[in-house]
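A quick write-up on the structure given underneath.
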Amino acid sequence: MQLSLFIRKNFYLVMGLVFWLIVMIGFSDNWLYDVGQPSNYVPKLIIHGLFAFSWFTIYLIQVGFIKKRNIKAHRKAGIAGMLIFIGMSLSTGYLFLSMVLRKGDLNPLSYMTSSQWIFANVLVVMAYKVRNSNPRLHKTNILFANLWLLQAAMDRFVEYLIPSVNAGYPDYYIPVWLICYAILFATMIWYYKRIPWQLYIGFIIWLAGLINAILKNDF
């Protein structure tokens, strides 16, 4: 009971920390224990990684400012946040574009993540437009934008929850992955006491991509 009250009272801060941890743990090999891997020397991946880390970090900082009712600091940091998001969005888009130019198409899993990326961009733009007129909608849209930007990190985060298999993922990888997402979805519904449209539409996009990836054996 005390835990649920704590989460409800500090919901955005808790979720911001959860998102940040998923990103940091998911990509911990890049920045912690395998820094010599080839991908760490690819400029487009370095740039994207720095922007992604900065975005989820500044989101957590922003929520902290709001928690402390420091609106002035929140708005100042918000300017940097929007510049960081633009950088992250452009770098993400470039990764998808480079994949298309290299392979002629995106694989099913990339279609799944790219569709969520598009929806997340829409939510951030909407959040920016109502930042002064509707603060609650502003923070809700940003929260769900982060949820739909999370899949690449989530895919790798789950690998740390289960034993690694050199020949590929174990059969229970997908169930564990689904449980992680189910916990996030259920937490959102529990907090809002309904299914927010940002979750409803995003879930349809997410589910369609998941089904497509599974049917084409790309998961």
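The values are calculated or read from the model by the stated rules, or taken from the named source; none is laboratory data. Computed from a predicted structure; not experimentally measured. With ideal geometry, Cβ positions are generated from the backbone for all residues, glycine too; neighbour counts draw on all protein chains shown.
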How many residues are farther than 19 Å from Leu207 by Cβ and aromatic (Phe, Trp, Tyr) if we restrict to region 120-165?
3
Please state which one of Ile118, Ile61, Ile22, Ile86 is within 18 Å of Leu147 (Cα to Cα), modelled with pLDDT of 95 or more and in contact with a Cys (Cβ under 9 Å, 6 or more places away or on another chain).
Ile22
Note on Leu90: of the conditions (1) in contact with a helix residue (DSSP H, G or I) (Cβ under 9 Å, 6 or more places away or on another chain); (2) under 23 Å from Val18 (Cα atoms), unmet is (2)
Any chance Ile211 is in a helix (DSSP H, G or I) and either of a type in the set (A, V, I, L, M) or in contact with a strand residue (DSSP E or B) (Cβ under 6 Å, 6 or more places away or on another chain) (or both):
yes
For region 127-139, pairs from a residue that is surrounded by 13 or more Cβ atoms within 10 Å (Cβ to Cβ) to a residue that is polar (S, T, N, Q), with Cβ under 7 Å and 6 or more apart or across chains, are Ala127/Asn141
When you scan region 64-82, do you find a residue that is touching a residue at least 12 places away in the same chain (Cβ under 8 Å), in contact with a Leu (Cβ under 8 Å, 6 or more places away or on another chain) and over 28 Å from Asp218 (Cβ atoms), even just one?
yes
Take the residues of region 193-219 that are in contact (Cβ under 8 Å) with a residue 40 or more places away in the chain and closer than 13 Å to Leu147 by Cβ: which is farthest from the chain's Cα centre (by Cα)?
Pro196
Would you mind stating whether Asp155 is more than 21 Å from Phe11 (Cα to Cα), modelled with pLDDT under 95, among the charged types (D, E, K, R) and part of a helix (DSSP H, G or I)?
yes
First in region 34-46 and touching a residue at least 24 places away in the same chain (Cβ under 8 Å) and within 13 Å of Leu95 (Cα to Cα), second anywhere and among the hydrophobic types (A, V, I, L, M, F, W, C) and surrounded by 12 or more Cβ atoms within 10 Å (Cβ to Cβ), Cβ under 7 Å, 6 or more apart
Lys44/Leu95
